[in-house]
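Novice: Please find one structure pasted underneath; my questions will follow.
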Amino acid sequence: MQSIAGVVTIVQEGRFQLVDDDGVGHHFLCDRALESGQLPSLLQRWVRVCCTHPADVIGHVATKILLEECP
């Protein structure tokens, strides 16, 4: 499993976008275990997302979201 850190810039239902330090946008779908209703509170926050990248999904599947200090 990999992780990606950055700022959450877009939130919509069970998906969100994170922009990393290099300015690259990463798109995520929430795993069933995550509460997608909590995503709006992460908007403009620095987080680390633990994720998988299944072959049948465009983007990543977020399995855990951790709040982090901005570097």
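Quick grid of which residues meet (1) modelled with pLDDT under 90; (2) among the charged types (D, E, K, R):
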position	(1), (2)
Leu18	no, no
His27	no, no
Glu35	yes, yes
Arg45	no, yes
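Novice: Filter the range 36-71 for residues that are surrounded by 10 or more Cβ atoms within 10 Å (Cβ to Cβ), among the charged types (D, E, K, R) and over 12 Å from Gln2 (Cβ atoms); which is farthest from the chain's Cα centre (by Cα)?
Specialist: Here the residue is Glu68.
Novice: Does Val19 count as of a type in the set (Val, Ile, Thr), surrounded by fewer than 13 Cβ atoms within 10 Å (Cβ to Cβ) and within 19 Å of Pro71 (Cβ to Cβ)?
Specialist: Considered against the rule, which asks whether it is of a type in the set (Val, Ile, Thr), surrounded by fewer than 13 Cβ atoms within 10 Å (Cβ to Cβ) and within 19 Å of Pro71 (Cβ to Cβ), Val19 comes out as no.
Novice: Select from the range 55-66 the residues that are small (Gly, Ala, Ser) and in a loop (DSSP other than H, G, I, E, B) and write down the one among them that is nearest to Gln12 (Cα to Cα).
Specialist: In the first step, residues of the range 55-66 are kept if they are small (Gly, Ala, Ser); the result is 55, 59, 62.
Keeping just the survivors that are in a loop (DSSP other than H, G, I, E, B) gives 55, 59.
On the way: Ala55: 22, Gly59: 15 Å.
Looking at the filtered set, the residue picked out is Gly59.
The values are calculated or read from the model by the stated rules, or taken from the named source; none is laboratory data. No experiment lies behind these values; they were computed from the predicted model shown. Please note: Cβ atoms are built from the backbone with ideal geometry, for glycine as well, and neighbour counts cover all protein chains shown.
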